Structures are given as structure tokens and as C-alpha cells.
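> Have a look at this one before I ask anything.
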Amino acid sequence: DTEVTQTPKHLVMGMTNKKSLKCEQHMGHRAMYWYKQKAKKPPELMFVYSYEKLSINESVPSRFSPECPNSSLLNLHLHALQPEDSALYLCASSHPEEGRKYFGPGTRLLVL
Amino acid sequence: QKEVEQNSGPLSVPEGAIASLNCTYSDRVSQSFFWYRQYSGKSPELIMSIYSNGDKEDGRFTAQLNKASQYVSLLIRDSQPSDSATYLCAVNMGLIYNQGGKLIFGQGTELSVKP
């Protein structure tokens, strides 16, 4: 299995809602990542988990809360988001000692 | 200076021509470099990785790396309309052993291959 999967594909939420994005991989990768991509811009790193521990947080607002419950799963919990948080949220995975990162299809988020 | 810089494009080439995409990076200690292709509305797809100076060829794609000049390029030979996409140069920075590292992207170059 050489795939990173993400659910849901699309999400619309209000500013008072709580929702979660999910990511799963079965490639045996022990590093997982969340990226945010706005239209016509490159992906921007949000969080890095290595061996299920948070290793990098790129000064992301606390309304985004990552969680890595096991080596295959990565969640991003969303609460009290703003309309400017609307974007494509990408999950990626890799071996921690390698640079090659494999991306999932993304979740397209719209905050109303 | 941005950490990873690319020609903003758009770059338009006729079908069958060679498309040349360029990228420079600022971190001298970076060791791994990648090219991703991203179709509109889709996620980035890894197409080339290069780690040492020189050329690396894979089918119609050739990646070139010059660490002294902090320069990475991608050549696409015999360009096809299906190659029309945004090409993202990415550099893995700050790779601390067993901590995943930060993959930093350039702004991307939009390539259009005209039939």
C-alpha cells in the first residue's frame, strides 16, 4: 500500500463548529505532516510528528490542534476557525530520516 | 530572500519541446531536493528527487543539482499537453535525525504545453 488517505474530501463548517480532519497511511512511515495550501500558493508546513511525538509546530494558532494516536493515523482538530482558514489541508508521510514526503489527496475546507 | 525561489511563470512551450524549470535555495546545508507536480485541484505528486551534484534522469525528466550554486533544475523532454501543471521545487531543510525535517516549497512554476 503506497497511499496516504484523507477524510473527508470536502468540509464546510461555521466559525463556531468543531470538526476533525483524518489522515491514514500504511507505508510504515513514522513521520507525518500537516500542510495548508491556499489557492495559487505553495503548501505551507503546519506540524510534524515523528514517532508519534510532535517535533515541529510552525507557530500555528491554537484553533488547530493536531493529534497522532498511532503510527498510521494523524488527526487535525478544528475549533473556532476563521474564514481565512479556508484552504486545502494536506497530510503527508515519510520515513523520519528521509526527505521524500508523500501527500494525500487533501481536504478542501470552507469556513463560513 | 525567500528560502526557495522559482521562476513564477507561466511558462508556455509547444508540444514536443523541452521545458526548463529552475529553482534556487538559500540553506547551504540542505541535502535533499525534490520536484513535485500539482494538477489544478489536486495534491502534489513527487516526480523527482535528487541528493548529489549532477544530473538524474527518469524517463522524460532530468533533474540537475549544483550545490555550490545552490541551484536545482528540472528538464522535461518531449513535453506533452498532459504535462501542463504547476511544478513545485521543494528543499528539505533542517533534517534532524529521526525528526522528519521541514520540506519547504518554492512558489511553483505553471507550465502550459500547447498542442
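Please treat every number below as a calculation from the coordinates, not as lab data. Since we're looking at a predicted model, the values are computed, not measured. Every residue, glycine among them, receives a Cβ derived from its backbone with ideal geometry; neighbour counts consider all protein chains shown.
> To check you understand DSSP bridge types, tell me what percent of the beta bridges within the protein assembly as shown (both residues inside) are antiparallel, rounded to 5.
Around 90 percent of the beta bridges assigned by DSSP in the protein assembly as shown are antiparallel ones.
> Defining a contact as two alpha carbons under 8 Å apart and six or more residues distant in sequence, what relative contact order in percent does chain B show?
36
> Would you mind ranking A:Ser72, B:Ser43 by Cβ crowding within 10 Å, fewest neighbours first?
Ordered from fewest to most neighbouring Cβ atoms within 10 Å, A:Ser72, B:Ser43 come out as A:Ser72, B:Ser43.
> Counting alpha carbon pairs within less than 8 Å and at least 6 residues apart, what relative contact order, in whole percent, applies to chain A?
In percent, rounded to a whole number, it is 37.
> While we're looking at this one, here's another question. As a test of understanding, state the convex hull volume per residue of chain B from its alpha carbons, in Å³.
102
> Let's test the formula: R0 of 25 Å, r as the Cβ-Cβ distance of A:Lys53 and A:Met27. What FRET efficiency results, to the nearest 0.05?
0.85
> Would you work out which of B:Val13, B:Tyr71, B:Met93 lies farthest towards the positive end of the dipole of chain B, given +1 charges on the beta-carbon of Lys and Arg and -1 on that of Asp and Glu, about the Cα centre?
Ranked along the dipole, the leading option is B:Met93.
> State the cysteines of the protein assembly as shown left without a partner when partners are defined as other cysteines whose beta carbon lies under 4.7 Å away.
A:Cys68
> If you line up the Cα atoms of chain A on their principal axes, what length do they span on each, largest first, in Å?
Sorted largest first, the three principal extents are 38, 23, 22 Å.
> Contact order normalised by length for the range A:53-94, with contacts defined as Cα pairs under 8 Å and 6 or more residues apart; what percent is it?
Here the relative contact order equals 27 percent.
> If I stretch the segment between B:Glu3 and B:Glu45 completely, what's the gain in nm (0.36 nm per residue apart, minus their alpha carbon distance), one decimal?
13.0 nm
> How much length is gained on full extension from A:Gln82 to A:Thr16, taking 0.36 nm per residue of separation minus their Cα-Cα distance?
22.8 nm
> Now for a different question. Among DSSP beta bridges whose residues both lie in chain B, state the antiparallel percentage, nearest 5.
The answer is about 90 percent antiparallel.
> Classify the protein assembly as shown from the C-alpha gyration tensor, please: rounded if a/c falls under 1.5, else prolate or oblate depending on whether a/b exceeds b/c.
Because a/c hits 1.5 or more and a/b exceeds b/c, the protein assembly as shown counts as prolate.
> By its C-alpha gyration tensor, with a ≥ b ≥ c as the square roots of the eigenvalues, how is the range B:21-78 shaped: rounded for a/c under 1.5, else prolate for a/b larger than b/c, else oblate?
In terms of gyration-tensor shape, oblate.
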